[in-house]
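Computed from the coordinates by the stated procedures, all read-outs in this text should not be read as laboratory data. For clarity, every value in this text was computed on a predicted model and none was experimentally measured. Because the Cβ atoms are built from the backbone with ideal geometry, glycine has one as well, and the counts that use them run over all protein chains shown.
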């Protein structure tokens, strides 16, 4: 456990005086270069009411042009200062604006201590509770509530007590045992670094004392855990580089590598460009195993006696970070340390009203919302509950097309379902069924706009296959929507689920040895990519039926374009919703040529 | 001193983890080597991170042709001693068209000889990640940087579109056209850098140590006259003063400070005592309140 570096987060509403507080703390502990302080004495932003010669503390922290123009903090700034006992304090100055809540979560994810500011003239506000909620979810150990601007209420003990009592009445919803209340005036400097003489009724610590007195909990004897970052190869040397994120390790220790379940002994530890005997929690080292084991980036190294069973189903808190809302059933990439794996959010259990703590039913999460979700991973992962380990319990979700970080997750627990299901190997398998039918099973995935000719091509293709004595089946989008997918509409979420179900049914049919043809608009690249990932390489053939939209509109076989243009169908591809053309399909068909030619084109590819 | 050692250990561990993450995640990363103290620390950390294997990155140096002579000598020595592979890029069109730090204007000079030269080098070598020694304590807009900092097409930094960076789980994936800047020593301070150099006995450029050097006084800055390209006023003669440098860059734009610090230990003492920011000696930074942010949004490091 790192004890020499503490991380602190400041939060509170806009104009509660955060920047002033941090500025005051930095200046009074002489942690800011004197030329910077000098500039803050004479530079003034537009509309500033700070007297000439006084320090505009906010100029010390708000570093972006837009921040100075608007007088608000947009993004997290990091400042370092030394505590009197020599420890390092890294301060994250997080924005107060509601629309930047995600940036506040960024700062909270690593913080040990949070300062929550309350303006004494305004009392507890929703943003106060929202920030406490995020600190709670993000696992901040200690909270210091700074009741600020007491100078504006005549240093009234009653005002301080009333606000404190008000906040305490909300505290039952949070699991924040270590909490301090300090009356303060950042502007005047009361109780920030030095004790104030203006509040004789307060005998507690100043802010700086309260920060300094905090010590992280000594971690009890815990078993070792580390994740492989990369393999290090040099002459006569093969080791794995890793950071010991939990526990300690010594030469001679037996460890187990997951998920391969191999046992090995630690033969050598390399650190500081030499061999060492042991490494502590937090150390970045290179380990050599005896015997040499097959190991790869993302693998888990753990003490041999620790029982670890990975799971592929988890319940998690999720903070949504992206402007585009969460789409369950869509495939995202989960990253946790060096581990990367495709996942889908199978269920949104509820979202949490950050103002009241109430659980609300939800179909999606929008930006800055927090919810509880269930996720399914492509392969078992050995993640720990976040409460037990921030390092092994965190993950981010990444959009597979844009590569943006869209969600931040904290594992609540693994779901039993994952463990209780084991794959049943059939004795008659796909290749046996293929030989009986004398054919190679395939899935031919037709995608294109409504009216592009997918169903027509699917029918013609199946007729040809049938004539050749081959066994096939067509999964047509409309037909599926009459049964299996009767509950789905046309929103992006429902389309993702539609594609998921169709690909799973297609997979079963493929396993049965059939040639499967699907005719589905499937407008989103990411959904089609996920469908492809369900199948073995070479089995999935994406066919893009490329027909110009005006041709589709003129055909309009089901009269849908007409209805859509009249506004009767929302989310209709080509009208209210975009169609993302396949970037790399196996076959592209010109939708304006004769169906027979297209059919032969596909047939030639698969036979 | 126990706490200092522990802090340096914690900072070092985290920097090594970031360097390893970069090596494992990108197709072609480079280490930006600007010959200064931060670069020297980065290089040392990279040796540690991959030992006993060699450093898996090439080094990249953007040479404006106006660096101190001692910097280039030092650079070539470090590269040879450590058996490294170095890419040097100079914006040749800039040189040919006569761009220089005296008559071009400092901002435009920096844009052409540093920003454009950097973009050229990154594009020419198809570099998808550039590792740099910037620290959050250097400058206000740097205090806002992520460790893995995304650049859009044209290497632009968009401060409103930074990826949320949580825990130590880094999103290193790139969409087409994007590239990454990586800052492994973000959380270090100037004093940490010097203490680490002292602790690890890292070799740094002799310009960091006090010595009698020929300087002229311009405004309140002391400029070293490193070669005869420096335009002296009528009757002006450089005087020999005992000076050293806190940061190294182009010699006409990087001011010296008067100092008697001749050893690493004396430099550590001096940095500990001095209360002026490091970049106070950089002529370009004083230009505008937001000059660093502006430069970065154009692709500056």
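Computed values, structure above
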| item | result |
| --- | --- |
| With eigenvalues of the C-alpha gyration tensor scaled by 5 and rooted, segment B:165-220, Å | 36, 19, 12 |
| Geometric extent, Cα atoms of segment A:341-386 - Rg, Dmax (angstrom) | 12.5, 37 |
| Between 0 and 90°, nearest 10: helix A:157-170 axis offset from chain A longest Cα axis | 20 |
| Using alpha-carbon coordinates, inclination of helix A:454-467 to the longest axis of chain A, degrees | 40 |
| Near-label residues of segment A:422-453 by backbone N, under 17 Å of a point 7 Å along Cα→Cβ of residue A:309 | A:422-424 |
| Where N is the number of residues in segment A:311-420, Cα Rg divided by 2.2 N^0.38 Å | 0.98 |
| Extension gain from residue B:272 to residue B:72, taking 0.36 nm per residue of separation minus the Cα-Cα distance | 69.2 nm |
| Calculated on alpha-carbon atoms, Rg and Dmax of chain B in Å | 18.9, 60 |
| For segment A:225-303, convex hull volume per residue from C-alpha positions, Å³ | 77 |
| Shielding by partners, peptide B:24-36 (average Cβ within 10 angstrom, other chains) | 1 |
| Ranked by how many other beta carbons lie within 10 Å on average, peptides A:239-247, B:169-177, A:335-343 from highest | A:239-247, A:335-343, B:169-177 |
| Label-point separation in nm, residue B:160 to residue A:556, each point 7 Å along Cα→Cβ | 4.0 |
| With Cα atoms, 0 to 90° folded angle of helix A:18-28 axis to chain A main axis | 50 |
| Extension reserve of the residue B:203-residue B:175 stretch, reckoned as 0.36 nm per residue once the Cα distance is removed | 6.2 nm |
| Between segment A:551-584 and segment A:242-268, the alpha-carbon center distance in angstrom | 57 |
| Residue-averaged beta-carbon neighbours from other chains (10 angstrom radius) around B:7-20 | 6 |
| Calculated [θ] (222 nm, deg cm²/dmol) that DSSP helices of n ≥ 4 give over the protein assembly as shown, each run adding -39,500 (n - 2.57) | -8000 deg cm²/dmol |
| Cα point-scatterer Debye curve for segment B:85-184, base-10 log of I(q)/I(0) at q = 0.18, 0.20, 0.23, 0.24 Å⁻¹ | -0.98, -1.13, -1.29, -1.33 |
| Number of partner chain Cβ atoms within 10 Å, mean per residue of A:266-276 | 2 |
| Share, in percent, of DSSP beta bridges within the protein assembly as shown that are antiparallel, nearest 5 | 65 |
| Per-pair calculated FRET efficiency, R0 = 30 Å: residue A:508 and residue A:427 via Cβ, rounded to 0.05 | 0.95 |
| Segment B:1-80 versus segment B:203-277: alpha-carbon centroid distance in Å | 24 |
| Cα-derived Rg over Rh, computed across segment A:81-161 with Rh taken as Kirkwood radius | 1.01 |
| Packing-based order for A:558-571, A:176-189, using average beta carbon neighbours within 10 Å, highest first | A:176-189, A:558-571 |
| For segment A:430-606, Kirkwood radius (reciprocal of mean inverse C-alpha pair distance, Å) | 16.5 |
| By average C-beta atoms within 10 angstrom, highest first, the peptides A:442-452, B:262-272, B:191-201, B:9-19 | A:442-452, B:9-19, B:191-201, B:262-272 |
| For segment A:148-193 and segment A:320-391, distance of Cα centres in Å | 34 |
| Per-q log10 I(q)/I(0), segment B:70-131, q = 0.26 Å⁻¹ (Debye; single scatterer per alpha-carbon; no solvent) | -1.06 |
| Convex hull projection area averaged over all views, the protein assembly as shown, Cα basis, nm² | 44.1 |
| For segment B:185-248, average projected area of the Cα convex hull in nm² | 6.1 |
| Reciprocal of mean inverse Cα separation for segment A:5-212 (Kirkwood radius, Å) | 17.1 |
| Length added when fully stretched, residue A:294-residue A:126, from 0.36 nm per residue minus Cα-Cα | 55.2 nm |
